Amino acid sequence: MKRATKPLPLCKGDVIRLVAPAGPVDRARLDRGVSRLSAAGFVVEVPDAVHASENGYLAGPDAHRAAQINDAFAAPGVRAVMAARGGYGTTRLMALIDWKRLKSNPRLVVGYSDLSAILSYAATRLSVPAIHGPMAAADLANRFDPAALDAFVRLAGGAVSPKEPWGATCDRLRAGSATGILSGGCLSVLASLLGTPFAPDFRGALLFLEEVGEPAYRIDRSLTQWLQSGRWSGIAGIVVGKTAPVKGESEDDIRRLFAAAARQLGVPAWYGFPAGHDGSNYPLPFGVAAKIDAKGRLFLLDSPVSSR
C-alpha cells in the first residue's frame, strides 16, 4: 500500500458536514444525533439536501446525493464528512464522486454500513484513511453509546496510543496474531463491489467484517464470492464484528462461517469486536496499520490523521 495521505485531525470547534448518500433520513433521529455531536464540541452542518427522498429507499436522485459528497469534499471549512445514515444507495454513486479532490485535499470520511463502499475504496485505492464509525441518524440517535462517541473524538483527534488496547477483546476463531492495514466493512456491501472498478484492494489487510439482518446462507454466499475471486489471498487476518443472528439461527452459525473462511485462507481470525450494526459501534480507522495479538486484543499502530 502507498504511503497514506492523511487528513488533518478533527478538533473541538471543527466543522462536520453531514451527507445522505444512501437511504432517506428521519428528522427526529437526525436531530438527536446532531445534538450529541454538538455536545461533543463539533460544529455540525446539515444542508437542506440531506432531507430529500426518492422511491422510498433513496435520499434523492443519484446526482443529488453525489453532489452532497462532492460539495463536502470541496468546502474549505469542512474538516470531516459524516453520513447521516446507511441503508442502500452508496454504491450507485461511486462513479460520480470526485475522488481526485478527496485525494488532493483529504478530510475524514466517517460512517459504516452502506458507507463501507466509500471507506474501503478511499483507504485501499486512494490511501486516504477513513473512519468506520458513527452516523448521526443511526447509532448516535439509537443505541447510543457515550464511550463509543468519546473513542471517536479521541481517534479523529489523533489522541490514541499504539500501546493502548482498542475496544473489547475478541474471541478466537483461528489462532494467531496478525498485523496489517485495517480495512473492510459490511460484508454484503463489499461483495457488491466485486467485478467493478471500485472493488477494494485488500492485499496486506487486517480485514474487519460485519453484517446485519442476513441469514447464514447469505453470509456464506458473500464469503464464497470473495474467496472464489482470489481477492482475499493476500490478507493478514480477519476481525469480525459482533453480528446478531436472524430468527432461528445462532451466533455460533455465524462464527463457524468466518472460521471456515479463515481456515481456507490460512490466516488468524477473531470474533466479536464491538463495531457495526449490533450493540456498540466502536470506531475503527481504515487505511492505517493495526495489530491483533494472540489474546484477541486490537492495537492501532498508526493514526488516521496527520500530526499537523
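Ignoring aspartates and glutamates fewer than eight residues from Lys247 along the same chain, the ones with Cα atoms less than 16 angstrom from its Cα are Glu211, Glu214, Asp278. Think of each Lys and Arg Cβ as +1 and each Asp and Glu Cβ as -1; about the Cα centre, that makes the dipole of the chain roughly 880 debye. The simple Förster model, with R0 at 35 Å and r as the Cβ-Cβ distance, assigns Thr169 and Glu54 a FRET efficiency of 0.20. Helix 216-229 and the longest principal axis of the C-alpha atoms of the chain enclose an angle of approximately 90°. Compared with the dominant principal axis of the Cα atoms in the chain, helix 27-39 is inclined by about 90°. Relative to the current alpha-carbon distance between Glu249 and Ala159, full extension at 0.36 nm per residue lengthens the span by 28.4 nm.
Per-peptide packing, taken as the mean over residues of other Cβ atoms within 10 Å, places 78-86, 59-67 in the sequence 78-86, 59-67 from highest down. When the inverse distances between all different Cα atoms of the chain are averaged and flipped, the Kirkwood radius reads 19.0 angstrom.
For region 165-300, the alpha carbon positions stretch 35, 33, 25 Å along the principal axes, listed from largest to smallest. Computed packing ranks the peptides 172-184, 124-136 as 124-136, 172-184, most packed first, by mean other Cβ atoms within 10 Å. Measuring against 28 Å, Cα to Cα, the residue pairs Lys103/Lys295; Lys163/Lys242; Lys12/Lys295; Lys12/Lys163; Lys12/Lys103 contain Lys103/Lys295; Lys12/Lys295 as the ones spanning a longer distance. Dipole check for region 15-156: with +1 at the C-beta of Lys and Arg, -1 at the C-beta of Asp and Glu, and the Cα centre as origin, the magnitude is about 340 Debye.
Provide, as a two-decimal number, the C-alpha radius of gyration of region 18-106 over 2.2 N^0.38 Å, N being how many residues it has.
1.06
At 0.36 nm per residue, minus the direct Cα-Cα distance, what do Ala294 and Ser35 gain on full extension? Give it in nm, one decimal, please.
So the extension gain works out to 89.3 nm.
Under a 5 Å amide H cut-off, with hydrogens placed 1.01 Å from N, Val78 pairs with nothing among residues at least 5 apart or on other chains.
When Lys247, Lys12, Lys103 are ordered from fewest to most other Cβ atoms inside 10 Å of their Cβ, what list results? With the sparsest Cβ surroundings first, the list reads Lys247, Lys12, Lys103. FRET efficiency for the Ala95 to Ser177 pair, using the beta carbon distance and R₀ = 35 Å, is estimated at 0.35. Each residue of region 185-192 was assigned a 3J(HN,Hα) from its phi angle through the Karplus curve 6.51 cos²θ - 1.76 cosθ + 1.60 (θ = phi - 60°); the sequence is x, 6, 4, 5, 5, 4, 4, 5 Hz, with glycine and proline shown as x.
In order along region 104-115, the phi-based Karplus estimate (6.51 cos²θ - 1.76 cosθ + 1.60, θ = phi - 60°) of 3J(HN,Hα) comes to 7, 9, x, 9, 5, 9, 10, x, 7, 6, 5, 5 Hz; Gly and Pro are listed as x.
Each of Leu223, Ala261, Pro129 was scored by the projection of its Cα onto the charge dipole of the chain, and the greatest displacement toward the positive side belongs to Pro129; charges sit on the C-beta of Lys, Arg, Asp and Glu. Each of Thr243, Thr5, Thr169 has some number of other Cβ atoms within 10 Å of its Cβ, and from fewest to most they run Thr169, Thr5, Thr243.
In this structure the amide hydrogen of Gly204, modeled in the peptide plane, comes within under 5 Å of the amide hydrogens of Gly234, Ile235, Ala236, none closer than 5 places in sequence on its chain.
Altogether, the Stokes-Einstein calculation at 25 °C and 0.890 mPa s, with the Kirkwood radius of region 90-175 over Cα pairs as Rh, returns a diffusion coefficient of 165 µm²/s. Using a ≥ b ≥ c from the Cα gyration tensor of region 56-105 (square roots of the eigenvalues), is it rounded, prolate or oblate, where a/c under 1.5 gives rounded and otherwise the larger of a/b and b/c decides, a/b for prolate? It comes out prolate by the Cα gyration axes.
No lab work stands behind these numbers, since they all come straight from the coordinates. These numbers were taken from a predicted model, which means no experiment stands behind them. Reconstructed Cβ throughout: ideal geometry from the backbone, glycine too, with neighbour counts over all protein chains shown.
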